[in-house]
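Worksheet for the structure shown next.
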Amino acid sequence: MIYIGIDISKYKHDCFICKDTGEVIVENLSFDNNKKGFQQFLNLLKPYDNSNVHIGLEATGHYGLNLKLFLEKNNYSFMEFNPLLVKEFYKSLSLRKTKTDKVDATVIAQKLMSVPYKPNSCLFYHKYSIKSLSRLRETLVKQRSKYKVQLTNILDMIFPEFKPFFSNSFGATSLYILEKYKTPEKVANMRDFDSLSKTSRGKFTYAKFIKLKELAKNTIGESNDIFELELTSILNLYKNIDEQITLIDKQISTIIKDLNPPTLSIPGIGAITCASIISEFGDISKFSNPSKMLSFAGLEPGIIESGTMFSKGKMVKRGSGYLRYSLMNIALTVIRFNTTFYDYYYKKISEGKCHRVALSHVCKKLIRVIFILETKNIQFDPSLLK
């Protein structure tokens, strides 16, 4: 068996290669992060059967993506390690504080030899794609929320009565009016009721049309060229980012429906949230039990015990913040769609736990359910919940 440890960096990668007997084949090789460098690395592996090659590397974000895809394309598997685990493993081997790329590659190879080999899933590319899209979507959603706040601030100066008038302040109808008329003076004189009725699919009645014009005529807001320019600029940014989110949602939905993971069968979990959860966890078969998934999400409590002292504190919040955010949000939804989750939530509330702590317990239960569904490849059955 051949063990290879690779230290990933932006412009080059370092590798250490040895046999399971401990015999060193390549003590240190640096190859560039380009086609020529990848081919140089591949040439080293050609003498060995693919099934006898175990490759380990750290999870270092996008820096190692091209190498991972290259290995997958050439039928080589690899196993990723959390950099923190590699760091702690190195501490257990030596008291020295030497840290070089060569040393890191060697330590990764030693770490690889010390644990059962759990290679990447064959769906690595698809899960990385939805992970990247899901994270981009969350970034855009947060930016869109900032634009909503800025639009609200501008409307409070120009036309403060406008936003409370609509049940959906930034729906299709309100955005149409803002984009076309912008100022209260123009809203007070608008005449295209038919266009507004068509945009709202008949929900914007003639009575509302007259009422809005009356509000615009008697507004206490003040408008000028500067405020109008601000409104136009922020409105354009808001609409552009909203369109991008819609496009990303369609792409995520297409990919996740093709994958059709069992988690999607849980009532209350849609394509977008399922994509976020599944992609952040990655290959769930790598987790031997739900507790490790819980730890990966950073939802486990910190425990300190020494002598007579024992403390069980707050959740550690390590791991993926995106995953933790998705799980906490989806917990609010699943308690609405399933009586067992609902009863479990209120059981924790009755025990004196606050809302957020009770939700975290629902997340833990949800993770246990996801683990069973994904590892056994079965659909959700509410009758089996306890």
Exactly one of Gly56, Gly64 is modelled with pLDDT of 90 or more, in contact with a Leu (Cβ under 9 Å, 6 or more places away or on another chain) and small (Gly, Ala, Ser), and that one is Gly56
Give the residues of the range 72-88 that are surrounded by fewer than 18 Cβ atoms within 10 Å (Cβ to Cβ), within 24 Å of the chain's Cα centre (by Cα) and either outside any helix (DSSP H, G or I) or polar (S, T, N, Q) (or both), sorted by residue number. Asn82
For the range 89-128, enumerate the residues that are among the aliphatic types (A, V, I, L, M) and either in a helix (DSSP H, G or I) or more than 23 Å from the chain's Cα centre (by Cα) (or both). Leu93, Leu95, Val103, Ala105, Val107, Ile108, Ala109, Leu112, Met113, Val115
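Being closer than 25 Å to Asn52 by Cβ and in contact with a helix residue (DSSP H, G or I) (Cβ under 9 Å, 6 or more places away or on another chain) is the filter here, so list the residues in the range 83-113 that pass it.
Correct list: Leu85, Val86, Phe89, Asp104, Val107, Ile108, Gln110, Lys111.
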Per the filter on the range 15-35, residues of a type in the set (Ser, Thr, Tyr) and either under 36 Å from the mean Cα position of the chain (by Cα) or open to solvent by less than 30 Å² (accessible area, probe 1.4 Å) (or both) are Ser30
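Conditions tested, residue by residue: (1) within 31 Å of the chain's Cα centre (by Cα); (2) outside any helix (DSSP H, G or I).
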residue: Lys213; (1), (2): no, no
residue: Ala216; (1), (2): no, no
residue: Ile226; (1), (2): no, no
residue: Thr232; (1), (2): no, no
residue: Gln244; (1), (2): yes, no
residue: Leu264; (1), (2): yes, no
residue: Pro267; (1), (2): yes, yes
residue: Ile272; (1), (2): yes, no
Based on this model, can you work out whether Phe38 counts as surrounded by 14 or more Cβ atoms within 10 Å (Cβ to Cβ), farther than 25 Å from Met293 by Cβ and not charged (D, E, K, R)? yes
Which residue, of Leu67, Leu57, is open to solvent by less than 30 Å² (accessible area, probe 1.4 Å), among the hydrophobic types (A, V, I, L, M, F, W, C) and more than 19 Å from Asp20 (Cβ to Cβ)? Leu67
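Every residue, every condition in (1) under 30 Å from Leu366 (Cβ atoms); (2) surrounded by 14 or more Cβ atoms within 10 Å (Cβ to Cβ); (3) modelled with pLDDT under 90, yes or no:
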| site | (1), (2), (3) |
| --- | --- |
| Leu212 | no, yes, no |
| Ser223 | no, yes, yes |
| Ser233 | no, no, no |
| Pro262 | yes, yes, no |
Check off (1) part of a loop (DSSP other than H, G, I, E, B); (2) without any contact (Cβ under 8 Å) to a residue 60 or more places away in the chain; (3) within 28 Å of Ile248 (Cβ to Cβ) for Asn153 and give me the number that stays unchecked. (1)
Determine which member of the set Lys91, Lys12 is basic (Lys, Arg) and open to solvent by less than 70 Å² (accessible area, probe 1.4 Å). Lys12
State the number of residues belonging to the range 157-172 that are touching a residue at least 12 places away in the same chain (Cβ under 8 Å) and open to solvent by 60 Å² or more (accessible area, probe 1.4 Å). 2
Just to be sure, is Lys46 farther than 13 Å from Leu71 by Cα, surrounded by fewer than 14 Cβ atoms within 10 Å (Cβ to Cβ) and basic (Lys, Arg)? no
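Yes or no, residue by residue, for (1) part of a loop (DSSP other than H, G, I, E, B); (2) in contact (Cβ under 8 Å) with a residue 12 or more places away in the chain; (3) in contact with an Asp or Glu (Cβ under 9 Å, 6 or more places away or on another chain):
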| position | (1), (2), (3) |
| --- | --- |
| Asp14 | no, yes, yes |
| Cys18 | no, yes, yes |
| Asn28 | no, yes, yes |
| Gly37 | no, yes, no |
| Tyr48 | yes, yes, no |
| Ser51 | no, no, no |
| Ile55 | no, yes, no |
| Tyr63 | no, yes, no |
| Phe70 | no, yes, no |
By residue number, the members of the range 111-132 that are at pLDDT 85 or above and either open to solvent by less than 50 Å² (accessible area, probe 1.4 Å) or in contact with a Gly (Cβ under 7 Å, 6 or more places away or on another chain) (or both) are Lys111, Leu112, Val115, Ile130
Residue by residue through the range 274-288, note down the ones that are open to solvent by 40 Å² or more (accessible area, probe 1.4 Å) and assigned to a helix (DSSP H, G or I). Ser285, Lys286
Condition set of a type in the set (D, E, K, R) and closer than 15 Å to Pro290 by Cβ, scope the range 349-380, selection most open to solvent (accessible area, probe 1.4 Å): answer is Lys376
Any idea which residue in the range 187-207 is surrounded by the most Cβ atoms within 10 Å (Cβ to Cβ), counting only those that are touching a residue at least 24 places away in the same chain (Cβ under 8 Å), in a helix (DSSP H, G or I) and not small (Gly, Ala, Ser)? Val187
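The values are calculated or read from the model by the stated rules, or taken from the named source; none is laboratory data. Since we're looking at a predicted model, the values are computed, not measured. Methodologically, a virtual Cβ is constructed for each residue, glycine included, from the backbone with ideal geometry; neighbour enumeration extends over all protein chains shown. For the accessible areas, the whole protein counts, side chains as well, though only heavy atoms, and no ligand, DNA or RNA atoms are used. Shrake-Rupley method; radii C 1.70, N 1.55, O 1.52, S 1.80 Å.
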